[in-house]
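Remarks on the structure that follows.
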Amino acid sequence: MHGNLLGPEPTLLPADEVADGELDGGKDPTAVAAAHPSSSAAWAALAERALADGEPVAAYAYARTGYHRGLDQLRRAGWKGFGPIPWAHPPNRGFLRALAALAKAADAISEDDEATRCRDFLADSDPEAATALGLA
């Protein structure tokens, strides 16, 4: 009748069972991203690896790709540019990880406005995600 008076319903992305299964099975994220370029989780894994390897520019590019692929998926799932994107829903984690990696890579290359925007977006999406990903 009146909808959710507390705000928009959480956005729950559909699972990408093939790409996620390949990543969970230990397949190289480069191969997974090449075979499944819409997988935010694959791009997030590449960004996280690049950050760990001290390659912040590559991490930034990978994370930005995963972030934009995730935005496309969120919009297809009915997201209107705001509202919860729960960490507790595993299919959302690829996008949230890409967003966190983008914040970290932006920090590393002194892209301060971008880093702040990404941190705020992550916290607004789900404070649990910010905590789980080391950005709380």
Given only helices, namely DSSP H runs of n ≥ 4 each adding -39500 (n - 2.57), what is the per-residue ellipticity at 222 nm of the chain, to the nearest 500 deg cm²/dmol?
-19500 deg cm²/dmol
Matching label for the computed mean projected area of the Cα convex hull in nm², out of (i) 11.3; (ii) 8.4; (iii) 9.5, is (ii)
R0 = 22 Å: FRET efficiency of ALA58 with ASP24, Cβ-based, nearest 0.05?
0.40
Highest GNM mean-square fluctuation among ARG119, ARG97, ARG75, for the chain with Cα springs under 10 Å, belongs to ARG75
Using θ = phi - 60° and the Karplus curve 6.51 cos²θ - 1.76 cosθ + 1.60, what whole-Hz ³J(HN,Hα) does each residue of region 119-131 get, with Gly and Pro shown as x?
4, 5, 4, 5, 5, 5, 5, 5, x, 4, 5, 4, 5
Probe radius 1.4 Å, ligands and nucleic acids ignored: give me the carbon and sulfur share of the accessible area of region 1-117 as a rounded percent.
54 percent
By how many nm would the segment from GLU9 to ASP72 lengthen if fully extended, with 0.36 nm per residue of separation less the alpha-carbon distance?
20.9 nm
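The values are calculated or read from the model by the stated rules, or taken from the named source; none is laboratory data. What you see is a predicted model, and the numbers here were worked out from it, not measured in a lab. Backbone-built Cβ (ideal geometry, glycine too); neighbour counts: all protein chains shown. In case anyone asks, the SASA skips ligands and DNA or RNA and just uses the protein heavy atoms, side chains included. Shrake-Rupley method; radii C 1.70, N 1.55, O 1.52, S 1.80 Å.
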